[in-house]
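Quick notes on the structure that follows.
The values are calculated or read from the model by the stated rules, or taken from the named source; none is laboratory data. Keep in mind it's a predicted model, so treat the numbers as computed, not measured. Using ideal geometry, Cβ is built from the backbone for each residue, glycine included, and neighbour counts are taken over all protein chains shown. These accessible areas exclude ligands, DNA and RNA; they are computed on the full protein's heavy atoms, side chains included. Shrake-Rupley method; radii C 1.70, N 1.55, O 1.52, S 1.80 Å.
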Amino acid sequence: MRAIIVTTPGGSSALDYAEVPDPVPGEGEALVEVAASGVNFIDVYHREGRYPLPTPFVPGSEGAGTVCATGPGVTQVAVGDRVAWANVVGSYAEKQIVPADRLVPVPDALGLDLAAAVLLQGMTAHYLTRSTHDVREGDVVLIHAAAGGMGLLLTQMAKMRGAHVIATVSSGAKEKLARGAGADEVLRYGDVAANVRKRCHVVYDGVGAATFEDSLAALRPRGLLALYGAASGPVPPFDPQRLNAAGSLFLTRPTLGHYVTTRAELLERAGDVLGWVADGSLDVAVYGRYPLAEARRAHDDLEGRRTTGKLLLIP
Ligand SMILES: NC(=O)c1ccc[n+]([C@@H]2O[C@H](COP(=O)([O-])OP(=O)(O)OC[C@H]3O[C@@H](n4cnc5c(N)ncnc54)[C@H](OP(=O)(O)O)[C@@H]3O)[C@@H](O)[C@H]2O)c1
């Protein structure tokens, strides 16, 4: 089969399109023919070696497709099932081995491409708005990079819960998308310090180094900063005493794996997210569908801030 391989971590040129042996599913595993693979920022961190993986590896953390073989002891899925998965590395490929208990069913009404586009970021937005902080009617919420893959989903889910959403974006085109997703106020990053000081119950920050200080300053006493990513680079070491001085603030650095710890939790979050897309209550904006062979271009576009919404690789 064809797949993207990283042998030496680095820039996007580390993504090589190559012929590799067809994988064979073992105990408890399924082999899935990949219909679409989602591109996520974590794929960039893996490619760079910022989150090191043993080399060589096939990158990609999410996909959807059809089960084409199962190993011994698999009870959760059968050949022919339409399935999706997240947080299992290896989806930039024509086929992927996935532990069967990590697969979720895709509703008949939903295209496999949309399932691949929404599962990882959708479950992330789900836990951030329901579990990390249970967003309530009237909460004031700041969402950075609101026109991005995560940002558009977070904005819609915060609005589902009745929040007042303040969004940041870098351009007029991105502002239009954030407003379309329901944002009540849309700001450029440079305007946050003057306009959002001590107003927010919660800040969702996936930008990291560039926005961290403004995010803290935006919180009202006892507010929560959910620092869920670092698209602009990691936040430098931090003195916890600053949380006291700024109003007994909370700071968390959450990750999806800790919010889908059981199969029941996975099925519940995935069921909500895929169900909302299938019934039209959650919109998934696909920015681009790139041929698998053009994974380098997809990464360059994502890192270059040229994209909005979601990027897919199609084998
Ligand atoms: N913790 C978790 O469980 C989890 C799960 C999924 C994703 N994430 C995180 O969520 C964040 C967003 O991921 P995504 O895949 O949806 O990407 P994305 O938001 O579609 O793309 C990143 C966006 O960040 C903004 N940005 C600001 N400064 C940037 C910089 N210096 N370099 C690049 N981008 C910059 C850009 O929007 P503007 O041009 O509008 O500024 C850019 O479009 C990432 O940090 C990712 O690691 C975390």
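Some points to look at:
- Residue among LYS159, LYS198, LYS174 with the largest mean-square fluctuation in a Gaussian network model of the chain, springs linking Cα atoms under 10 Å: LYS198
- Computed [θ] at 222 nm, deg cm²/dmol, the chain (DSSP H ≥ 4; -39,500 (n - 2.57); rounded to nearest 500): -8000 deg cm²/dmol
- HN-Hα J in Hz across segment 188-201 - Karplus 6.51, -1.76, 1.60, θ = phi - 60°, x for Gly and Pro: 7, 4, x, 9, 5, 4, 7, 9, 10, 4, 6, 9, 9, 6
- R0 of 22 Å, Cβ-Cβ distance VAL79-LEU53: FRET efficiency to nearest 0.05: 0.15
- Under 14 Å, Cβ to Cβ, from ARG82 - net charge with Lys/Arg +1 and Asp/Glu -1: -4
- Charge dipole (debye, nearest 20) of the chain; +1 at Cβ of Lys and Arg, -1 at Cβ of Asp and Glu: 1020 debye
- Per-residue 3J(HN,Hα) values for segment 161-166, derived from phi via the Karplus relation 6.51 cos²θ - 1.76 cosθ + 1.60 with θ = phi - 60°, read 8, x, 7, 9, 9, 9 Hz in sequence order (x marks Gly and Pro).
- By accessible area with a 1.4 Å probe, ligands and nucleic acids excluded, highest first: order of MET160, MET1: MET160, MET1
- The alpha-carbon of LYS174 sits under 19 angstrom from the alpha-carbons of these aspartates and glutamates, leaving out residues fewer than 8 places away in its chain: ASP184, GLU185, ASP191, ASP205, ASP283, ASP300, ASP301, GLU303.
- The chain: proportion of alpha-carbon pairs further apart than 31 angstrom, %: 29 percent
- Within a Gaussian network of the chain (alpha carbon springs, distance under 10 Å), most fluctuating of GLY182, GLY247, GLY38: GLY247
- FRET efficiency for the SER171 to ASP272 pair, using the beta carbon distance and R₀ = 45 Å, is estimated at 0.90.
- Inter-part distance where segment 83-128 and segment 177-226 are each reduced to a Cα centre, Å: 29 Å
- Set of lysines with alpha-carbon distance to LYS176 below 29 Å, sequence-local pairs under 8 removed: LYS159, LYS198, LYS310
- The dipole here belongs to segment 133-253: it is taken about the Cα centre, uses +1 on the Cβ of Lys and Arg and -1 on the Cβ of Asp and Glu, and is about 120 debye.
- The Cα atoms of segment 32-133 give a gyration tensor whose axes a ≥ b ≥ c have a/c of 1.5 or more with a/b no greater than b/c, which makes the shape oblate.
- For segment 20-119, a simple Cβ point-charge model (Lys and Arg +1, Asp and Glu -1, everything else neutral) yields a dipole of about 200 debye relative to the Cα centre.
- Close amide H partners of THR70, meaning residues 5 or more places away or on another chain with modelled amide H under 5 Å apart, are LEU31.
- When TYR204, TYR189, TYR17 are compared by accessible area at a 1.4 angstrom probe, the order from most to least is TYR17, TYR189, TYR204.
- Using a simple spin-label model with pseudo-atoms 7 Å out from Cα toward Cβ, ASN195 and ASN244 lie 3.5 nm apart.
- Think of segment 111-257 as having a plus end and a minus end, set by charges on the Cβ of Lys, Arg, Asp and Glu; of VAL203, VAL118, ALA181, VAL203 sits farthest toward the positive end of this dipole.
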